[in-house]
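**Q** My questions all concern the structure below.
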Amino acid sequence: MTNEKHALPLNIQRTRVATLVTYYALLAYFAVNVAFIFDDIRIASLIVWAIQTIPLLIFVVGLHRAHLRTYGWLCFVVLLYFSHGVLAAFQPGRLWFGVVEAALSTVLFVLLIIFIRQYKERYKVPL
């Protein structure tokens, strides 16, 4: 929806950048999480990382292009990561990993909603 001709207004651009930073922080979290679960990099650790990140990676192109539907669908997927973070927080020895995942998911969800709302108000488009 955006191109060089129609740059996003500053407030929407800031929200978009914050969303992308949080999105990549969640992806990086999974890499760190897998590194702590497995002592060395093996095929099993790569498979676990892929299972955790592929649902997020599906949205990377749409996020960078600021497609409103991508932001909307990612809201639904992020709720699954929030649920996983809460469940992980109750596992012995994994409290902080779960708390970080739930916190990143919550921040990402809120930023996605803010972006969608700002974009819809500015451009008067349906989701």
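Coordinate-derived values only; no laboratory data. Because the structure is predicted, anything quoted here is derived from the model rather than measured. Ideal geometry is used to build each Cβ from the backbone, glycine not excepted, and the neighbour counts take in all protein chains shown.
**Q** Looking at (1) under 11 Å from the mean Cα position of the chain (by Cα); (2) outside any helix (DSSP H, G or I), can you tell me which one E101 breaks?
**A** (2)
**Q** Failed condition for Y119, given (1) part of a loop (DSSP other than H, G, I, E, B); (2) surrounded by 16 or more Cβ atoms within 10 Å (Cβ to Cβ), with all others met?
**A** So the condition that Y119 fails would be (1).
**Q** Also, quick follow-up: Quick one: would you say A28 is within 15 Å of the chain's Cα centre (by Cα) and either closer than 29 Å to R122 by Cβ or assigned to a loop (DSSP other than H, G, I, E, B) (or both)?
**A** Criteria not met by A28.
**Q** Filter the range 31-65 down to residues that are touching a helix residue (DSSP H, G or I) at 6+ places or on another chain (Cβ under 6 Å) and not in a helix (DSSP H, G or I) and give me whichever is surrounded by the most Cβ atoms within 10 Å (Cβ to Cβ).
**A** F59
**Q** Among the listed residues L95, L56, L127, L104, identify the single one that is among the aliphatic types (A, V, I, L, M) and in contact with a Ser or Thr (Cβ under 7 Å, 6 or more places away or on another chain).
**A** L104
**Q** Moving to a separate point now. What number of residues within the range 66-111 are of a type in the set (D, E, K, R), crowded, with 16+ Cβ neighbours inside 10 Å, more than 18 Å from A25 (Cβ to Cβ) and in contact (Cβ under 8 Å) with a residue 12 or more places away in the chain?
**A** Count: 0.
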